[in-house]
Structures are given as C-alpha cells and as structure tokens.
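Since the structure comes first, as structure tokens, the remarks are kept for the end.
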Amino acid sequence: MNEMREKRTPDERRLAEAIRGVQIAAADRGDVVIDMKEADLARIEILAEDLKPVFADVPADDPQWDFAISRGVQPRLWIDATAHVMMARDRRTYRFVRDTRLGRIVLAESPQVKPVSEAVTTYIAERIVERQRLMEGERVSLRPEPSIDPGNAIARPAEITAAAAPRTAGLTVFLITIVCLAIGATIGASGMLAHLWSIIKPTY
C-alpha cells in the first residue's frame, strides 16, 4: 500500500499537499460562511481522497467493506458496517470510531489527516488478516448428522458393509457346517454299505 504512494514524483506530492491545504482552508472558511455540514463533508472527502490507494488495494472479492461516504446530518466515511470516521464537536478533529456490543470505542482521533489515515489502513489490514485466518482454519460442522430410519432410509455404503459383515460370517459358518455333515454322512454310509456287502457277499 505504501509503495503506491512512494511512486508519486516530488512535484506530484507537493501539488497534492497544496491542494489538500487549499481544501482545508476552504473548509475552515466554510465553518463560518456556509453550512457546517458542508464543512464536515469537505473534510471527510479529503480523508477519503487520501485513503483511495488503500481502498484500491483491498481484494475486490472481500465483501466486508463499505468504503462509502454518507451525506446525512453528520457526514461519515464508512469503512465497514461497524467502523467509520466522522468529525468531532469542534468540526476540525477527525474521529475514527467502531461500534461494538459494549458500546462505541474511539480507534483514532486527530486534527490531521495522516494519523487517522494510517489508523484506518492498520484497521483494514488487521481485518483482512483476521478473515484470512478464519478462511484457512479447520472448519467444524455444527449441523447435526441426519438420523437413519431403518425402515425407510437408504444406508450409506460403509454402514451397509458394516451391517452385512456379521450376517455374511454367520452364513459362511452355516454352509461349512452343512458341507462337513454331508461329507461325514456320505463317508459313514459308504462304510456301512461296505460292511454289509462283506457279510452278505455271495459265495460261488
């Protein structure tokens, strides 16, 4: 982000600073000459202009950012749904705040653009890193496992295999037993026939 700013030539930096100085001076005069809201809006737009390179560097597929100016009774530069920059009561001090469950907290406050711009940049970087860690971390499903109805549900292959294994083993033992009995009965019958044949064997 800082590299983009360093690419500006010295003349461009001087011109940008001069333009900013004129805008601030015009906003100061506006506090007296025009409506206070317009002066606040002018200062908010100055800050937004300074943050444009930062906003441009944020990934376009990251949906958590707003980066918008609201032009209501109190103009604000929205960073996301909970953080924004507004002007303090003196209408010359930038106040970067964030709304939390415990109330509103002030993240940065300064009459100068640069400190507030740096605080916003740091906030954006921290949120991006936080989101990356969440996306890369291991996900644990909180959805309950579907219950299986033995009479109506279709069992998964692993469950079918596990359920069929005891039945298959029992059937195999039963078949082996039947075959052994049949072999034993055959051998026994053959021995008995041979014995009877030797007794009643005709003599010639």
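Read the figures in this text as sums done on the coordinates, not as results from a lab. Being a predicted model, the structure only gives us computed values, none of them experimental. Here Cβ is always computed from backbone atoms with ideal geometry, including for glycine, and neighbour counts include all displayed protein chains.
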Problem - Chain lengthening between Phe67 and Leu15 when straightened (0.36 nm per residue, less Cα-Cα) - result: 16.2 nm
Exercise for the section: Using per-residue counts of other Cβ atoms within 10 Å, averaged over each peptide, order 61-67, 121-127, 174-180 from highest down. Expected result: 121-127, 61-67, 174-180
Practice task
Multiply the residue gap between Leu193 and Thr82 by 0.36 nm, knock off their C-alpha separation, and tell me the result in nm, one decimal place.
Solution key: 30.0 nm
Practice task
At 0.36 nm per residue, minus the direct Cα-Cα distance, what do Ile105 and Ile176 gain on full extension? Give it in nm, one decimal, please.
Solution key: 17.6 nm
